[in-house]
Each structure stands twice: as C-alpha cells, then as structure tokens.
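The values are calculated or read from the model by the stated rules, or taken from the named source; none is laboratory data. This one's a predicted model, so the numbers in the text were calculated from it and none came from an experiment. Cβ coordinates were reconstructed from backbone atoms using ideal geometry, including for glycine residues, and neighbour counts include every protein chain displayed. What goes into the accessible areas is simple: the full protein's heavy atoms, side chains included, and nothing from ligands, DNA or RNA. Shrake-Rupley method; radii C 1.70, N 1.55, O 1.52, S 1.80 Å.
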Amino acid sequence: MLKNKLKERIREIAVKELIDEVRFIDADDLTEDYVGNVSQFKGRQPQDIMKGAKSVILTSVYIGKFVTDTNQDFGRMSRLVLSGYYANIVKPLHPIIELLKSEGYRAEIMDGESDDKTIPLKGAAVKAGLGWIGKNSMLISKKYGSFQALGAIITDADIGEYNEISKNFCGGCDKCIQVCPANAIETPQILTRPKCLSDMFENENVSKDEINSIKLDNYFFECDICQNACTWNQAHIRAPLDTPYGRLYNPSDMNKLVSMEWLSVLDEATYNEKLLPIMIGYQLPFDLFKRNISVIVNQSRK
Ligand code: B12
C-alpha cells in the first residue's frame, strides 16, 4: 500500500476508535529540543525500543470531560484515571497494529504497563506538533490545554512527516508552580517525582502523616491540582469540549462511586467490585486507598 494511502487508512481507523489527533514523526532520537535533558531517556529512544524503526505514530485523546463533582462531599481521581488511559492509549491502537502487520510491517504499541519500554510520550508529542512542555512538565496545547492523554506506535513503516513545532505559551504565568500543595515543581518543566501527590498516593513507603501535611483538595488517586489552576485549562474547566470519546462518559454515574460518605466506609470486597474496575492500567491497592481516604476525612474535620 502506498504511504499516503496507508496514513489515510490509519487516520480513518483513528476516527472510528474515537482518537482526536494522529500525527506521524520519524524515529530518530528525541533531542533536547523535545525532551530537555536527553540523558534521562537512555534506552528509551525509538531505536532502543525497535531497532530499524522508521516512524512513530503519535495519538491523543481529549480527556477534559472526565471529572466528578468538586465539592467536599466527593473524593476525586484524576481525569487520566477516569478516562481509562492511565497506562497510555493502548486498546484503540490495536486495529492500527493489525493494519501495519497485514502490510508486512513491524509495529509496537507504547504500553504504559512497562514504562521503561516506552518512549517519552510528551517529548514525542512536542515533536509531533501536539503542544509545548508547560512549567508543570505536562504537554499543553491551545486547543486542548493539558487535557490530552497520549499513546504511540513505533513501526518500520517509513511514514514520518514534518510537523510544525508549537511555541511555548506559558510566558510569565506560573500558577501551576504556585498552587501545587506539595511544591513538586521546583524547576519549571521538571517534576520532582517523589514530591508529586500522584506518586505519593501510590507509594506504600509514604506515611499517612506525610500525606496529611499536604492539602489534598479531596484527591485520593492521582492529582489534577496544577492542571485545575493552569491558564490554558480554564475554558475547558468551564465547558469541556464535546468530543466523541467524551460522549461515552456520564459524570453522574461516576459521582455515585466517589461520594465521601460511601468511600469513607467502603470495605475491601465492595472496593474490589465497584472501584477497581474503573482503574485501568494500575489498580490502587485497598490499603493505600484507605490511607489516602482517611487523610481526606481528617482534613475535612479541620
Ligand atoms: C512515570 C510517569 C509519571 C510519574 C512521573 C512523571 C514525571 N514527570 O516524571 C508520575 C506518577 C509522578 C506521573 C504523574 C502524572 N502523569 Co504521568 N506519566 C509517566 C510516564 C509513564 C513516563 C514519564 C517519564 O518518562 N518520566 C520521566 C521524566 C524525566 O520524563 P518526562 O516527564 O517525560 O520529562 C519531560 C520533562 O523533562 C520535559 N522537559 C524538561 N525540561 C525540558 C526542556 C525542554 C526545552 C523541553 C522541550 C522539555 C523539557 O520534557 C521531558 C519530555 O517529556 C508517562 C508516559 C510516557 N511513556 O511518557 C506518563 C504521562 C507523562 N503522565 C501523564 C499524566 C496525565 C500524568 C498526571 C497529570 C496524572 C495525574 N493527574 O496525576 C500526573 C502529572 C504530573 C505532572 N505535573 O507532570 C500523561 C501526560 C499527558 C500530557 N498532556 O502531558 C502521560 C503521557 C501518560 C498518558 N497516557 O497520557 N506520571
């Protein structure tokens, strides 16, 4: 199949799979223009993942709609968790893999189940023209704010193309840095991972007191506080875009599963039955859930 025909077929599949953006880049090393300090990604460049790779297919899905009630009666999880793309966009990419393999190409999905076997998706997305790296180290664009979940395929099909790179539109704003209750953004564009609530919530070695020293704003699994303050997200927070994947989401159903009245007395069996199925890619263990929720209960009493 001719390259343009192949890309056209891939774009058609993406629409069917409710993917909002598809871009094609070459599989050369991601340079500092895209990832900052390259040494962080030793062994995670496209050629490390697939020798002889020719292209990377970048995809993104808008997740701005994946929220629950923000008042104190509800616990909160991130938009990424509620979207089901915690471990990257994987399932919707399978039909594209099948097409590429049916054309005799090698093709591999960057499955977040094993981070070290994935390229830095944000950096690749910058190269694909999908946005810039904001001060909170997230990929941000004028169209979607930071509410893009990312996914990628590496292949030896030679279908890369040039994409115009976005300017960085953070300017003098540093709301994300100011608002982070854990001061996890010590350097613009670089996250101090151990201090990020998203990391702490999943870390069994972090004590309840350590977490209790941080105002959680009712988050118990991942955290969107820096994104909720981001200038480029305000329009999306007021009125999320209406996108095909977002139409599948019903906030009122999800609200029922995160009322604090229910979460604060949840037993392990009900937790495993009702909440774990929502957590695709990583399932927060019950004891860490209980720890995180007990801090919210404690903070609500203050
Ligand atoms: C490990 C991981 C985490 C870890 C560590 C994150 C980190 N920044 O290191 C933890 C658990 C803390 C985490 C948290 C979150 N994550 Co995460 N995470 C990943 C994962 C699996 C690997 C990231 C990685 O390689 N980290 C190591 C560091 C060194 O790499 P990095 O952050 O990519 O480094 C960037 C910066 O260094 C930056 N940079 C620094 N200096 C400079 C200078 C210049 C000039 C430039 C251009 C860039 C730059 O560019 C690098 C390139 O990306 C990716 C998926 C993937 N394969 O990329 C998802 C991913 C990055 N996470 C994602 C998300 C959404 C989140 C959360 C928002 C979830 C949440 N609500 O809690 C938070 C965000 C916190 C934040 N402010 O970044 C999305 C980001 C989408 C987007 N629009 O940006 C991804 C792509 C997953 C996905 N499926 O979409 N995450």
Solvent exposure of the chain as accessible area per residue, Å², 1.4 Å probe: 48 Å²
Which of 243, 226, 201 sits farthest toward the positive end of the charge dipole of the stretch 192-249, with +1 on the Cβ of Lys and Arg and -1 on the Cβ of Asp and Glu? 243
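Once the piece of chain linking residue 297 and residue 4 is laid out straight, how much longer is it, given 0.36 nm per residue of separation minus the C-alpha distance between them? Before the final figure, lay out each step's value.
On the way: separation 293, 0.36 × 293 = 105.48 nm, distance 5.58 nm.
Between residue 297 and residue 4, full extension yields 99.9 nm more.
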Could I have the simple spin-label model distance between residue 11 and residue 69, label points 7 Å from Cα toward Cβ, reported in nm to one decimal? 4.3 nm
List the cysteines of the chain that have no other Cys Cβ closer than 4.7 Å: which are they? 170, 173, 180, 196, 223, 230
Proximal aspartates and glutamates relative to residue 274, as straight alpha-carbon distance under 20 Å, when same-chain residues fewer than 8 apart are discounted: 69, 73, 202, 222, 253, 261, 287
Please give me, ordered by residue number, the GluC sites (Glu not before Pro) of the stretch 186-272 that lie in loop per DSSP and have at most 13 other Cβ atoms within 10 Å. 186, 204
Would you mind working out the magnitude of the charge dipole of the stretch 1-158 relative to its Cα centre, with +1 at each Lys and Arg C-beta and -1 at each Asp and Glu C-beta, to the nearest 20 Debye? 320 debye
Could you give the angle, 0 to 90 degrees to the nearest 10, between helix 286-301's Cα long axis and the longest principal axis of the Cα atoms of the chain? 50 degrees
Using the Cα atoms of the stretch 69-132, I'd like the radius of gyration and the largest Cα-Cα distance, Dmax, both in angstrom. 15.9, 54
Measure of size requested: the Rg and Dmax of the chain, with Cα atoms as the atom set and Å as the unit; please supply both. 19.6, 65
Net dipole in debye of the chain [+1 Lys, Arg Cβ; -1 Asp, Glu Cβ; about Cα centre; nearest 20]: 620 debye
Under the 7 Å Cα-to-Cβ spin-label approximation, residue 276 and residue 250 lie apart by a distance in nanometres of 2.4 nm
Measure off, as a whole percent, the carbon and sulfur share of the 1.4 Å-probe accessible area of the chain, all protein chains present. 52 percent
First measure r as the distance between the Cβ atoms of residue 203 and residue 143, then evaluate 1/(1 + (r/R0)^6) with R0 = 45 Å and state the FRET efficiency to the nearest 0.05. 0.85
Using a Förster distance of 51 angstrom, determine the FRET efficiency expected from the C-beta separation of residue 261 and residue 161, and round it to 0.05. 0.45
If I fit a long axis through the Cα atoms of helix 3-16 and take the longest principal axis of the Cα atoms of the chain, what angle between them do I get, 0 to 90°, rounded to 10? 20 degrees
Chain lengthening between residue 91 and residue 168 when straightened (0.36 nm per residue, less Cα-Cα): 24.6 nm
Listed pairs 3/65; 167/290; 16/195; 143/195; 101/142 exceeding 32 Å between Cα atoms: 3/65; 167/290; 16/195; 101/142
R0 = 25 Å: FRET efficiency of residue 234 with residue 213, Cβ-based, nearest 0.05? 0.30
Two-decimal ratio, the stretch 135-198, of alpha-carbon radius of gyration to 2.2 N^0.38 Å: 1.43
Measuring from centroid to centroid over Cα atoms, what is the spacing of the stretch 248-302 and the stretch 153-201 in Å? 27 Å
